[in-house]
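The values are calculated or read from the model by the stated rules, or taken from the named source; none is laboratory data. All figures in this text were calculated on a predicted structure; none of them were measured in a lab. Every residue, glycine among them, receives a Cβ derived from its backbone with ideal geometry; neighbour counts consider all protein chains shown. Surface areas here come from the heavy atoms of the whole protein model, side chains and all, with no ligands, DNA or RNA. Shrake-Rupley method; radii C 1.70, N 1.55, O 1.52, S 1.80 Å.
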Amino acid sequence: MWPLAWLVALLLWCGGGSIAAGAGAGEWSPATLATLRGHAALQAEGLARCEGLTRAWLALADKETGLLPRNTKERAWVVKDSASDNYPYLVVSAYLTDRVLFGSTMLDILHAEAKYTSRVGRVRDDYSFEKHTWVREKLDMSKAVFGTAEYIKDGLLPLTDYLGPSPWSDEMLGMMDDLWAYANVKWPYGVIPSSDIEVHGDLLQALARLYWFTGNPKYIEYATRVGDYYMLGGHHLTHNNTWLQLRDHGCEVLAGLVELYVALQYTDPTKLENKDLLAHNTYSPRIQARSVPQADPRHAGPHPRGGPQRAWDALQRHRPENGQDARR
């Protein structure tokens with residue numbers, strides 16, 4: 001079965017004139033038709049390359065489990081790489097180019113992951129093809145949580161954005177539920193799965209979107225626990241830190257807090273109100289940054305006035321002592 005994208009590309013490439021005639025004489029100019037044919041050729045080439053890449057990766061799958069390796073040399077399934085950054089995008093590729101493959105082999109891999117890589121409930125851990133067991137004999141829960149959170153945010157969430165409800169979204173919800181079911185980092189505002197800033201960013205972004213996806217208020221409650229860690233718990237990103245990372249592996253929490261803020265506007269606006277500046281359970285007094293740390297030159301990139309530095313400059317200009325509210 002050819003997906004619609006292939007058929008449209010083929011029709012535009014081979015029968016553009018007929019399509020134009022059907023739409024009305026003279027409605028599309030020769031220049032427009034030439035442009036459409038060029039776009040169709042690029043579309044067809046892109047889909048062919050996606051299909052080729054997908055089949056090349058499937059040829060590397062472990063014969064016993066069906067799992068995809070981390071790369072061409074390392075014979076292991078590594079959740080933060082094999083799952084987070086590769087498999088979900090091969091699923092999209094199959095969806096666009098081969099619906100039979102999409103509904104068979106790609107779904108089989110999802111079931112294989114659940115069977116072989118679920119270590120604590122549905123929390124994933126790395127699996128060795130050579131040892132036929134876990135890469136790390138002793139469970140390192142922090143690594144399992146990190147990989148699972150990455151898989152959800154970087155892989156399954158974009159896949160769900162494209163596909164909507166599916167077996168992949170069902171698995172994503174189960175993985176998120178078990179991250180919280182087995183959470184073990186205790187602090188005054190409730191138990192959370194991790195104290196790692198990147199994991200927090202992954203969780204905040206995913207939980208806010210899972211709330212919109214399902215309507216289940218527990219996802220906002222979970223996200224609020226993580227938000228409280230930063231806004232109420234002495235870990236404020238600017239008040240309590242000497243530097244703030246604005247690139248990968250640290251920046252995720254910024255977008256996550258913004259997504260939580262937007263969700264709370266609808267679900268719990270009192271959490272954001274500023275009726276009492278001494279209130280201990282609202283965010284508003286802490287949203288206005290009292291101070292912004294200086295840029296760490298180690299992260300400014302090769303150009304002294306590069307992207308990270310410009311971002312810091314913008315933050316400095318919006319310091320309250322400069323007459324600006326940080327929310328602007």
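Assuming His111 fulfils every condition listed in (1) of a type outside the set (Asp, Glu); (2) open to solvent by 40 Å² or more (accessible area, probe 1.4 Å); (3) more than 18 Å from Met172 (Cβ to Cβ) apart from one, which condition is it? Only one criterion is unmet by His111, namely (3). Among residues of the stretch 121-134 that are in a loop (DSSP other than H, G, I, E, B), those with a beta-carbon under 6 Å from a residue that is surrounded by fewer than 22 Cβ atoms within 10 Å (Cβ to Cβ) and of a type in the set (D, E, K, R) at least six positions away or on a different chain give the pairs Gly121/Asp178; Arg122/Asp178; Asp125/Arg119; Phe129/Asp62; Phe129/Arg75; Glu130/Arg75. Just one residue in the set Arg75, Arg37, Arg49 is under 13 Å from Ser93 (Cα atoms), at pLDDT 50 or above and either of a type outside the set (Asp, Glu) or touching a helix residue (DSSP H, G or I) at 6+ places or on another chain (Cβ under 8 Å) (or both); that residue is Arg49.
Residues are listed down the side, and each one gets a yes or a no for (1) touching a strand residue (DSSP E or B) at 6+ places or on another chain (Cβ under 8 Å); (2) surrounded by fewer than 17 Cβ atoms within 10 Å (Cβ to Cβ); (3) in a helix (DSSP H, G or I); (4) not charged (D, E, K, R):
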residue: Asp178; (1), (2), (3), (4): yes, no, yes, no
residue: Ser194; (1), (2), (3), (4): yes, no, no, yes
residue: Ala206; (1), (2), (3), (4): no, no, yes, yes
residue: Tyr219; (1), (2), (3), (4): no, no, yes, yes
residue: Tyr230; (1), (2), (3), (4): no, no, yes, yes
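Restricting Glu113, Glu27, Glu64 to residues that are at pLDDT 95 or above, over 25 Å from the mean Cα position of the chain (by Cα) and among the acidic types (Asp, Glu) narrows the list to Glu64.
In the stretch 236-254, what count of residues is obtained for those that are open to solvent by 50 Å² or more (accessible area, probe 1.4 Å) and within 23 Å of the chain's Cα centre (by Cα)? So that I can check it myself, show each step before the final result.
Let us first name the residues in the stretch 236-254 that are open to solvent by 50 Å² or more (accessible area, probe 1.4 Å), namely 240-243, 246-249, 254.
In the following step, the residues that additionally are within 23 Å of the chain's Cα centre (by Cα) were identified as 246-249, 254.
Final tally of qualifying residues: 5.
Any idea which of Pro88, Pro69 is crowded, with 21+ Cβ neighbours inside 10 Å and not hydroxyl-bearing (Ser, Thr, Tyr)? Break it down stepwise before answering.
Values: Pro69 fails: crowded, with 21+ Cβ neighbours inside 10 Å.
None of the other options fit; the residue is Pro88.
For the stretch 135-153, filtering for residues that are surrounded by fewer than 17 Cβ atoms within 10 Å (Cβ to Cβ) and either in a helix (DSSP H, G or I) or on the phi > 0 side of the Ramachandran plot (or both) leaves 2.
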